[in-house]
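A quick write-up on the structure given underneath.
Any read-out appearing in this document is the output of simple, stated calculations on the displayed coordinates, not a laboratory observation. The shown structure was predicted, so the numbers you read here are calculated from the model rather than taken from an experiment. Cβ atoms come from the backbone with ideal geometry, glycine included; neighbour counts cover every protein chain shown.
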Amino acid sequence: MVTGSKDELVRAYLEIRYASVTQRIMGAVERYDTPRERLLAVFEGQGELFAQPGYRGCAFARASAESHPGDLTEQASEAYRHWVRALLTELAAQAGAPEPEVLGRQLHLLYDGSGQSARLDHDSAAAAAARAAAATLLDAALARGTAARPSG
């Protein structure tokens, strides 16, 4: 006989999804050497997720829609979101963004929006569009950082 709560079952499923998603995203990041390409690769990895047969959107967003404050599902979703934000912020810092936390937050919004578009709009090009927007944001942040530095 199987015991345990629905919350425990959902948490276990989310842990498996977490491992799968982080492995795919990090695999994409690790294919590149330059900080810029490593940052943009996050969206390539996301696109690989969208291309999987049966992609039904972000498992964490779906599960958290029915979670309750502090429950295991919410905790698992928060851990995943923290990982995404921390990764984007770290890669933004490595790319030389003057305010990596700000850029990381902006890129996280793109990441989330791309996932919603892929699912709700059946838009298989959502990650490519998010990658292009991320490149624009990164270039703008780097240009601001260069302009703010005193010359010679």
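Set the Förster radius R0 to 35 Å, insert the Cβ-Cβ distance between residue 65 and residue 146 as r into 1/(1 + (r/R0)^6), and round the FRET efficiency to 0.05.
Given R0 = 35 Å and the Cβ-Cβ separation, E is 0.25.
Relative contact order (percent) for the chain, with alpha-carbon contacts under 8 angstrom and 6 or more residues of separation? Display every interim value, and only then the final one.
On the way: 161 pairs, mean separation 37.2, N = 152.
It comes to 25 percent, rounded to a whole number.
What is the distance in Å between the Cα centroid of the stretch 90-152 and that of the stretch 14-63?
16
Just the C-alpha atoms of the stretch 1-143: what Rg/Rh do they give, with Rh taken as the Kirkwood radius? Don't jump to the answer; show the numbers that get you there.
Working: Rg = 15.8 Å, Rh = 15.7 Å.
Rg/Rh for the stretch 1-143 comes to 1.00.
Using Cα pairs under 8 angstrom and six or more residues apart, how large is the relative contact order of the stretch 65-133, in percent? Could you put the intermediate results ahead of the total?
Numbers: 42 pairs, mean separation 13.0, N = 69.
RCO, the stretch 65-133: 19 percent.
Pulled fully out, how much extra length does the chain show between residue 120 and residue 8, if you take 0.36 nm times their separation in residues and subtract their Cα-Cα distance?
Additional length available on full extension: 37.6 nm.
Identify, among 138, 9, 76, the residue whose Cα sits farthest towards the positive end of the charge dipole of the chain, taking +1 on the Cβ of Lys and Arg and -1 on the Cβ of Asp and Glu, with the dipole about the Cα centre.
Highest projection toward the positive end goes to 138.
Could you work out how far helix 35-50 tilts from the main Cα principal axis of the chain, as a 0 to 90 degree angle to the nearest 10?
30
Only four residue types carry charge here, +1 at the Cβ of Lys and Arg and -1 at the Cβ of Asp and Glu. Report the dipole size of the stretch 62-112 about the Cα centre in Debye, rounded to the nearest 20.
So the magnitude is around 140 debye.
If you fit an axis through the alpha-carbon atoms of helix 126-148 and take the longest principal axis of the Cα set of the chain, what angle between them do you get, 0 to 90°, nearest 10?
The angle comes out near 40 degrees.
Under the rule of at least 5 residues apart or a separate chain, name every residue whose amide H is placed under 5 Å from the amide H of residue 123.
It is 118, by chain and number.
Pick out, in residue order, every one of the trypsin sites (Lys or Arg not before Pro) in the stretch 55-152 that is DSSP loop and has at most 15 other C-beta atoms within 10 Å; say none if there are none.
Taking the stretch 55-152 and a limit of 15 other Cβ atoms within 10 Å, the loop trypsin sites (Lys or Arg not before Pro) found are 56.
In whole Hz and in residue order, list the ³J(HN,Hα) couplings for the stretch 13-18 that follow from phi through the Karplus curve 6.51 cos²θ - 1.76 cosθ + 1.60, θ = phi - 60°; x for Gly and Pro.
These are the phi-based 3J(HN,Hα) values: 4, 5, 5, 5, 5, 4 Hz.
In sequence order, what are the phi-derived ³J(HN,Hα) couplings for the stretch 102-117 according to the Karplus relation 6.51 cos²θ - 1.76 cosθ + 1.60 with θ = phi - 60°, rounded to whole Hz, with x for glycine and proline?
Karplus-based 3J(HN,Hα) across the stretch 102-117 equals 5, 5, x, 5, 4, 5, 5, 4, 4, 4, 5, x, 4, x, 5, 5 Hz.
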